[in-house]
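For reference, the structure discussed in these notes is given below.
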Amino acid sequence: MSLINKEVADFTVQAFFNDSFKEVSKRDLLGKWSVFFFYPADFTFVCPTELKDLSDRYEEFKKINCEIYSVSCDTHFVHKAWHDTSETIKHLQYPMLADPNQRLARDFQVLIEDAGLTERGTFVVNPEGKIVAYEVVAGNVGRNAEELLRRVQALQFVAEHGDQVCPAKWKPGQETLKPGLDLVGKL
C-alpha cells in the first residue's frame, strides 16, 4: 500500500540537536516542509557518509523552508555519544531524532522487526503533515542529498503551481509541463 498522502501520526520524541536534548513533535512539522531521513543505527559505516552529505546541503534545505530530521531507533543519549566521538557526526547541523520505542519507524513502515533497526528510508512531508514522496533503499546503498534537495524543490513547485508538473531532472528555473491534450503523442 502506498504511503503517499498518509498523514504522519502524532508523536513526541527526544532529539539531540545543537549540543543539547530537546523534544520534537508533530507540531514542529506543521507549516513547513520536512524530510525524515531514517538510517539503520548510530556507529555504523554507510550512515555517517549519508548524514554528512545531508549536512553539507543543510543550509540549502533551510533556504527553501525545509527541516531535516535524521531518525534511528537509537536513544538520544547514543546520538550524543556518537556526536561526541565521531569527527563526521559532530558537524551535523540538524536534529537527530531518537526512536527507541520504534513508533516513528512503524508509522513510516521502515522498521526491520527482527533487528530493531530501520531501513534506509527517506520521506518528504508537506506543511500539512502528509507524506508526498518517499524512497526506501537497501541497507548497503547510500543516498544522495543533492537529488533529495531537487526532489523537495520539485514537490514545492508543484504544490504551489498545481496545474504544472516537473519532468525528469527538473531544477528550479527550468521549463515545466502542463498536463492536457497537447501532451498526447509527445510522451
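The values are calculated or read from the model by the stated rules, or taken from the named source; none is laboratory data. Predicted model, so just to flag it, every value in this text is computed and none were measured. Using ideal geometry, Cβ is built from the backbone for each residue, glycine included, and neighbour counts are taken over all protein chains shown. Areas reflect the complete protein model, heavy atoms only, side chains present, ligands, DNA and RNA absent. Shrake-Rupley method; radii C 1.70, N 1.55, O 1.52, S 1.80 Å.
Filtered by the rule that a residue be open to solvent by 30 Å² or more (accessible area, probe 1.4 Å) and either over 15 Å from the mean Cα position of the chain (by Cα) or hydroxyl-bearing (S, T, Y) (or both), segment 90-110 gives K90, H91, P100, N101, Q102, R103, R106.
Applying the criterion of at least 2 residues that are within 25 Å of E147 (Cα to Cα) to the strands (runs of 3 or more DSSP E) found wholly in segment 1-118 leaves 33-38, 66-72, 96-98. Whenever a residue of segment 161-174 is free of Cβ contacts under 8 Å to residues at least 24 places away in the same chain, its partners that are assigned to a loop (DSSP other than H, G, I, E, B) and surrounded by 11 or more Cβ atoms within 10 Å (Cβ to Cβ), lying with C-beta atoms within less than 6 angstrom and at least six residues away or across chains, give the pairs Q164/T176; C166/T176.
Of everything in segment 20-31 that is closer than 20 Å to V78 by Cα and touching a residue at least 60 places away in the same chain (Cβ under 8 Å), the residue that is least open to solvent (accessible area, probe 1.4 Å) is V24. Taking segment 128-142 as the search range and keeping residues that are open to solvent by 30 Å² or more (accessible area, probe 1.4 Å) and not in a strand (DSSP E or B), which one is nearest to E160 (Cα to Cα)? In this case the residue turns out to be E128.
Residue-level analysis places L148 among those that are in contact with a Ser or Thr (Cβ under 8 Å, 6 or more places away or on another chain) and either surrounded by 15 or more Cβ atoms within 10 Å (Cβ to Cβ) or part of a loop (DSSP other than H, G, I, E, B) (or both). For segment 45-89, the candidate set comprises residues that are free of Cβ contacts under 8 Å to residues at least 40 places away in the same chain and among the β-branched types (V, I, T); within that set, the residue that is least open to solvent (accessible area, probe 1.4 Å) is I68.
Listed conditions (1) of a type in the set (G, A, S); (2) in contact (Cβ under 8 Å) with a residue 24 or more places away in the chain; (3) open to solvent by 20 Å² or more (accessible area, probe 1.4 Å) are all met by A41, apart from (3).
Just to be sure I understand the filter: pairs with C-beta atoms under 7 Å, separated by 6 or more residues or on different chains, first member in segment 122-142 and over 19 Å from K26 (Cβ atoms), second member open to solvent by 50 Å² or more (accessible area, probe 1.4 Å) and at pLDDT 95 or above. Which pairs pass? Hits for this filter: V136/E119; G139/E119. When V165 is tested against the conditions (1) open to solvent by less than 70 Å² (accessible area, probe 1.4 Å); (2) within 19 Å of the chain's Cα centre (by Cα); (3) not basic (K, R), the lone failure is (2).
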